[in-house]
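Let me begin by presenting the structure, written as structure tokens, before commenting on it.
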Amino acid sequence: MRTVITYGTYDMFHEGHRRLLERARELGDWLIVGVTSDSYDLSRGKLNVQQSTLERVENVRNTGLADQVLIEEYAGQKILDIQEWGVDVFAIGSDWLGKFDYLKDYCDVVYLDRTRGVSSTKLRNESMGIHRIGLVGAGAEAENLVKEARYVSGISVEAVWDPNAEKAASFASDMELGWAYESYPDLLSNVDAVYISTPVDSRPDMIRQALQADVRVLSESPLTLSKEETEELTGLAERKDLALVEGIRTAYTPGFQRMVAYARSGSIGFIRSVEATLTRVRGTEPVSASDAGAIAELAVYPLLTVLKLLGGEYTDVRCRIIESGTTKKHLFARIDLEYPRAVASVKVGIGVRAENDLEIAGTRGSLYVPAPWWRTQHYETRFEDANENEEFYDRLEGDEFRYELAELSSRIRGNGRSAYKLRAEDSVSIAEVVELINGTTPIKA
């Protein structure tokens, strides 16, 4: 008898899950299915799981495809299960290609191609709320999002559109997506939400078209380069009761949220100063599709931090910019914001290296976040009395894309409470500052 084993979360069981189990079963005579426990999902960074372990086990049992169902409770269990049950074949979806090659020492490993061509209507109607995501732009950011989507329950990346049709078709083939549409309206008519990663000058129109078609939006940041246009788009989303999520990934990570809450709690006293630096020499994170310069690509991250800590009631904004003399691309900028009782200083740069840290000065003590502060995992408080100093640690699972997708899914489901992480007024305030500083006369490099 040839024994096959496979594993998964199987949350909100849908046709894609069923087809994968059917194909796994065809590989042998006896199929064992491992269902992840709630605690294991949490430990491995799986977000937004809607059903309990027992409900998900029942999902699998009800298919009649599994001869035996196990609960996967910890890392490393696969090896022990394979040995204990004399497994001949380990099968898993091809979105995990290469991840489980280490199991080849114990049995055959088969990566099953991602299910393509499942009717979108069938997926939506039979899957208890799976959100179909379409990609607008077939670049590196879209590829990262597809990879991270497997860690977010209730999300299925289905299709792609790109102004370059050949590029879109190649991307869909490489990433095993169901469809590469030749027109943007065709994409919008077949998905529940879109992820927009096109250059910043094209984003406003893409966002507008999606919202007018009643499609939710997750977009790279900034949404626009003007306050007026950002107000227009956020207002349109609000009137139509549609999620519009700005992709400042830092905003949705648990460590950043807790750090901001701690700083504002009064633990370091009244905040007098915020200093944040974000520079990169090469094409490293945060990733942006715009390639438009330091302000458009990077400034949104420290500006969001300043606004979360000090609010949007600044009294003055000043900026000094170093610009490329040939391309007119912003290479470096220092942005100073004044408040009635506080100040903030932001430095961003491309092709320059500075200490990418964040320091918050309060009347009792300071809070320090080492580089890379925008992926907040560790921060510490510093007081006059060193005995009061504390260090804090938070987990950050994988790429921040999964936290954005979890936010999008939550907002689609109507959980407006999560919108506090990045509110519409935050997006408008950021666009206002960006617009102001873009009007600054630059220094030529």
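No value in this document is a laboratory result; all are computed from the given coordinates. Given the structure is predicted, the values throughout are model-derived calculations rather than measurements. Please note: Cβ atoms are built from the backbone with ideal geometry, for glycine as well, and neighbour counts cover all protein chains shown.
Rounded to the nearest whole Hz, the Karplus-based 3J(HN,Hα) values (6.51 cos²θ - 1.76 cosθ + 1.60, θ = phi - 60°) of segment 270-277 follow the sequence 7, 6, 9, 8, 10, 10, 9, 10, with x at glycine and proline.
Relative to the current alpha-carbon distance between LEU54 and PHE383, full extension at 0.36 nm per residue lengthens the span by 113.6 nm.
Measuring r between the beta carbons of THR441 and SER202 and using R0 = 25 Å, the FRET efficiency lands at 0.40. Where Lys and Arg each count +1 and Asp and Glu each count -1, what net charge lies around ARG208 among other residues with Cβ under 12 Å from its Cβ? Its environment carries a net charge of -1. Net charge in the neighbourhood of GLU55 (other residues with Cβ under 12 Å of its Cβ; Lys, Arg +1, Asp, Glu -1) is -1. Going 7 Å from the Cα of ALA354 in the Cα-to-Cβ direction, what parts of segment 374-405 have a backbone nitrogen less than 19 Å from that spot? Within reach of a label on ALA354, which here means backbone N under 19 Å from a point 7 Å along Cα→Cβ, segment 374-405 contributes 374-376.
For segment 378-424, GluC sites (Glu not before Pro) are listed when DSSP marks them as loop and at most 15 other Cβ atoms sit within 10 Å of their Cβ; the list is GLU384. Measuring from centroid to centroid over Cα atoms, what is the spacing of segment 1-35 and segment 305-365 in Å? Rounded to whole Å, the Cα centres lie 52 Å apart. Label separation (LYS99 vs PHE392): 3.0 nm, computed from points 7 Å beyond Cα along the C-beta direction. Between the Cα long axis of helix 254-264 and the first principal axis of the chain there is an angle of about 30°, rounded to the nearest 10. Here each label is just a point 7 Å from Cα along the line to Cβ, and for GLU26 and ASP214 those points are 3.7 nm apart. Ignoring lysines fewer than eight residues from LYS347 along the same chain, the ones with Cα atoms less than 25 angstrom from its Cα are LYS227, LYS308, LYS328, LYS329, LYS421, LYS444. Compared with the direct C-alpha span, the chain from ARG19 to ARG61 gains 13.7 nm at full extension, assuming 0.36 nm per residue.
For segment 64-69, putting each phi into the Karplus relation 6.51 cos²θ - 1.76 cosθ + 1.60 with θ = phi - 60° gives couplings of x, 8, 8, 7, 8, 10 Hz, in residue order, rounded to whole numbers and with x for Gly and Pro. Within the chain, antiparallel bridges make up roughly 40 percent of the DSSP beta bridges whose residues both belong there. Among 12-21, 48-57, sorting by the average number of other beta carbon atoms lying within 10 angstrom of each residue, highest first, gives 12-21, 48-57. Subtracting the Cα-Cα distance of ALA371 and PHE270 from their residue separation scaled by 0.36 nm leaves 34.0 nm. Report summary: the helix-based calculation at 222 nm, which adds -39500 (n - 2.57) for every DSSP H run with n ≥ 4 and divides by the residues of the chain, gives -9500 deg cm²/dmol. Checking every one of the trypsin sites (Lys or Arg not before Pro) in segment 342-445 against DSSP loop status and a limit of 11 other Cβ atoms within 10 Å picks out ARG353, ARG395. Taking a straight line from the alpha carbon of LYS167, these lysines sit under 24 Å away, with near neighbours fewer than eight places off in the same chain left out: LYS147.
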